[in-house]
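Chemist: Here you go, one structure.
The values are calculated or read from the model by the stated rules, or taken from the named source; none is laboratory data. Keep in mind the model is a prediction, meaning the values are calculated, not measured. Positions of Cβ are backbone-derived with ideal geometry, glycine not excepted, and every protein chain shown enters the neighbour counts.
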Amino acid sequence: MADESSRELTLYVQSKKAVTSFYRPPSPSGAGRASDPTLPSAVGAVEVSHAARGGEDEVRTGEEVYFLSDDQARCLAFTEEQAARRRYKLKVVDVGKAGRLEQFVVEHLRNVQNFPVLIGPQNQRLEGPEAFTEDRLSELMPTEMERLRAFSYLKVRGGNLDRIREMLVTFPQVKELHFLTGDWDIFVVLEFPAGETKKRQILDFVTENIRGINDVLDTSTLVPEYSVTKFPIG
């Protein structure tokens, strides 16, 4: 099982600062938050630094506003979604607000040309919006499989392999077929609901259904105790 430190990632984004004169209702709770270089987890939230304040209810113009470009905001939202699904802890740091970057930030961002940047548990790095695909994020966040898989080797009598293939794919539990050379003829990937299926039930399915197909002479099935995937999870 993975420990906590192996499930932590850091996403560095770079906001831009602008000065706005748009009316905004007073927000006393926002005071002092501009110095925090970490973005809130809520996607689309905007941090506001009041350059000057008068009375408690006075709204001034010329306020500094930090905002993310749409491509960085999309990467942030997508990474948060995938981290939550795969049970990873995500820390988000906005380097655009940091007056002077801490040493650990400098090390992680050396030679960076394009934001956002995601640092994985083993210091793997994704850089730039184009890198933030489901496949790449899944590689960075391997996780326990949500469904139980088993693997069966089949030995078949020489004959019509197309007919055997067509019969195998009719079972919803059969997810993949691989035709081999050597001692075994077909490798079958099976999938079952996790937590609801016991090893005996899987073996019953193989012996009653797959072994029941004409020309399937023998089977050998492996049922893992624990599985991790780097593929996207459905």
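Chemist: Within segment 112-161, which residues are buried (at least 16 other Cβ atoms within 10 Å of the Cβ) and of a type in the set (Ser, Thr, Tyr)?
Modeler: SER138, THR143, SER152, TYR153 - these are the residues of segment 112-161 that are buried (at least 16 other Cβ atoms within 10 Å of the Cβ) and of a type in the set (Ser, Thr, Tyr).
Chemist: Here is a further query. Might you check whether a residue that is in contact with a Pro (Cβ under 8 Å, 6 or more places away or on another chain), surrounded by fewer than 13 Cβ atoms within 10 Å (Cβ to Cβ) and not basic (Lys, Arg) occurs anywhere in segment 201-210?
Modeler: No; the residues of segment 201-210 include none that is in contact with a Pro (Cβ under 8 Å, 6 or more places away or on another chain), surrounded by fewer than 13 Cβ atoms within 10 Å (Cβ to Cβ) and not basic (Lys, Arg).
Chemist: I need a count of the residues in segment 94-145 that are out of contact with any Ser or Thr (no Cβ under 8 Å at 6 or more places or on another chain) and either at pLDDT below 90 or among the aliphatic types (A, V, I, L, M) (or both).
Modeler: Here the count works out to 22.
Chemist: Would you confirm, using the coordinates I've provided, whether LEU190 is more than 30 Å from GLY120 (Cα to Cα), within 25 Å of the chain's Cα centre (by Cα) and surrounded by 14 or more Cβ atoms within 10 Å (Cβ to Cβ)? Full working, then the answer.
Modeler: Details: more than 30 Å from GLY120 (Cα to Cα): yes; within 25 Å of the chain's Cα centre (by Cα): yes; surrounded by 14 or more Cβ atoms within 10 Å (Cβ to Cβ): yes.
Considered against the rule, which asks whether it is more than 30 Å from GLY120 (Cα to Cα), within 25 Å of the chain's Cα centre (by Cα) and surrounded by 14 or more Cβ atoms within 10 Å (Cβ to Cβ), LEU190 comes out as yes.
Chemist: Among the residues of segment 141-156, write down those that are among the basic types (Lys, Arg) and touching a Leu at 6+ places or on another chain (Cβ under 9 Å).
Modeler: The answer is ARG149, LYS155.
Chemist: Being of a type in the set (Gly, Ala, Ser) and modelled with pLDDT under 95 is the filter here; which residues of segment 146-173 pass it?
Modeler: Initially, segment 146-173 is screened for residues of a type in the set (Gly, Ala, Ser), giving 150, 152, 158-159.
Answer for segment 146-173, where residues must be of a type in the set (Gly, Ala, Ser) and modelled with pLDDT under 95: GLY158, GLY159.
Chemist: Sticking with this one: State which residue is farthest from VAL13 (Cα to Cα) when the search covers only segment 54-87 and only residues that are hydrophobic (A, V, I, L, M, F, W, C) and at pLDDT 95 or above.
Modeler: Here the answer is ALA84.
Chemist: Which of the following residues is in contact (Cβ under 8 Å) with a residue 60 or more places away in the chain, assigned to a strand (DSSP E or B), touching a Phe, Trp or Tyr at 6+ places or on another chain (Cβ under 8 Å) and of a type in the set (A, V, I, L, M, F, W, C): LEU177, LEU154, LEU90? Show your work before the answer.
Modeler: Numbers: LEU177 fails: in contact (Cβ under 8 Å) with a residue 60 or more places away in the chain; LEU90 fails: touching a Phe, Trp or Tyr at 6+ places or on another chain (Cβ under 8 Å).
From the options LEU177, LEU154, LEU90, the qualifying one is LEU154.
Chemist: Between ASN214, ASN123, which is assigned by TED's automatic domain parsing to the domain that holds PHE78 and either part of a helix (DSSP H, G or I) or of a type in the set (S, T, N, Q) (or both)?
Modeler: After ruling out the rest, the residue left standing is ASN123.
Chemist: Select from segment 126-151 the residues that are in a loop (DSSP other than H, G, I, E, B) and in contact (Cβ under 8 Å) with a residue 24 or more places away in the chain and write down the one among them that is farthest from PHE187 (Cα to Cα).
Modeler: PHE132
Chemist: Test LEU203 against the criterion of being of a type in the set (A, V, I, L, M, F, W, C) and over 18 Å from VAL223 (Cβ atoms), and give yes or no.
Modeler: No: the conditions fail for LEU203.
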